[in-house]
């Protein structure tokens, strides 16, 4: 245990505790809202269902997910399978967990390294910072990481990735600003194969999903990766800002069409009361949440676990 001048340092919070802290605002609206709805209620009536609908929508679960949950409540109530309104929370927790587990698909298997991770998203979501945090995690696990600066649109993006490379002790493959991103990616993958790298994490230009020429550029990078490393990219991670709520769903749809997104990184979860968008993404797009950002520190990117997340929303 770490010793300080004032005694032993407090233990580092575990996954559940960190999630509970991050979703405090969402828990107050969702779990706390449901508690208020059922308080003093002995039966499930129209008034209760209406209040429940508003609570679920307010947490940004989305219309489809909310309708799905309400249908399950009505069905069990009609069958007399709900003894009283207090059993609502148990039912809702179970239904939301089922949605997350159904979308929690494993990443593609990697035959021989390197594993290629393409990181995509619009400007301002924390994409490059996420890449740096991933590199830190992998290097701490004893893996060799190489960063690819394929965001050649902004010179500052290359500089930012260089900073993360220095912090994490990882090499950055780059070219001049304005270079062809696919050419940078090609060089990075060739270098990775020659140097026995375990992970290649590729930074791409932050782009609006409505810009067709930029999305076509992503498609080209996808093809380039597959030609150099069979099966690559093994993961296409879309970085979404949790505070954008349902707007993130349309971003995810567009990126999935262009480059086949395989997983979501949801940043700034600690800054929103609409953390229910996690469940909306899983329900409507069938995409797993791989990581969530729960703060500004370098280790505040944690692997997502459906059971811990649902538990943190209600406890």
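Bear in mind that the values in this text are calculations on the coordinates, not laboratory data. From a predicted model like this one, the values you see are computed outputs, not experimental measurements. Here Cβ is always computed from backbone atoms with ideal geometry, including for glycine, and neighbour counts include all displayed protein chains.
Stretch residue 299-residue 86 to full length: gain in nm at 0.36 nm per residue minus the Cα-Cα span? If you can, show how the numbers build up before the last one.
Details: separation 213, 0.36 × 213 = 76.68 nm, distance 3.78 nm.
Result for the pair: 72.9 nm of gain on full extension.
Compute the acute angle (0 to 90°) between the alpha-carbon long axis of helix 46-58 and the principal axis of greatest extent of the alpha-carbon atoms of the chain; round to the nearest 10°.
20 degrees
What list do you get for 215, 221 if you sort them by fewest beta carbons within 10 Å?
Numbers: 215 18, 221 26.
By the 10 Å Cβ count, ascending, the order reads 215, 221.
Provide Rg over Rh for the chain; use the alpha carbon set for both Rg and the Kirkwood Rh (inverse mean inverse pair distance).
On the way: Rg = 21.6 Å, Rh = 20.8 Å.
Rg/Rh: 1.04.
Listing 305, 241 from the residue with the fewest other Cβ atoms within 10 Å to the one with the most, what is the order?
Details: 305 17, 241 23.
Placing the least packed residue first, the sequence is 305, 241.
Give me the mean projected area, in nm² to one decimal, of the convex hull enclosing the Cα positions of the stretch 88-184. Don't jump to the answer; show the numbers that get you there.
Working: hull surface 35.9 nm².
The orientation-averaged projected area of the Cα hull of the stretch 88-184 comes to 9.0 nm².
Would you mind checking the tilt of helix 63-78 against the longest principal axis of the Cα atoms of the chain, expressed as 0 to 90 degrees and rounded to 10?
Result, in degrees: 30.
Can you tell me the mean projection area, over all orientations, of the convex hull of the stretch 115-261's alpha carbons? Units nm², please. Don't skip to the answer; put the middle values down first.
Details: hull surface 31.9 nm².
Over all viewing directions, the stretch 115-261 projects a mean Cα-hull area of 8.0 nm².
Equivalent-ellipsoid semi-axes (√(5λ), Cα gyration tensor) for the stretch 9-168, whole Å, largest first? Don't skip to the answer; put the middle values down first.
Details: eigenvalues 375, 61, 57 Å².
In descending order, the three semi-axes are 43, 18, 17 Å.
Using a 10 Å cut-off around each Cβ, can you sort 304, 314 from fewest to most neighbouring Cβ atoms? Walk me through the numbers on the way to the answer.
Working: 304 21, 314 16.
Going from least to most buried by this count: 314, 304.
Helix 212-228: angle to the longest alpha-carbon principal axis of the chain, degrees 0 to 90, nearest 10?
Roughly 70 degrees between the two axes.
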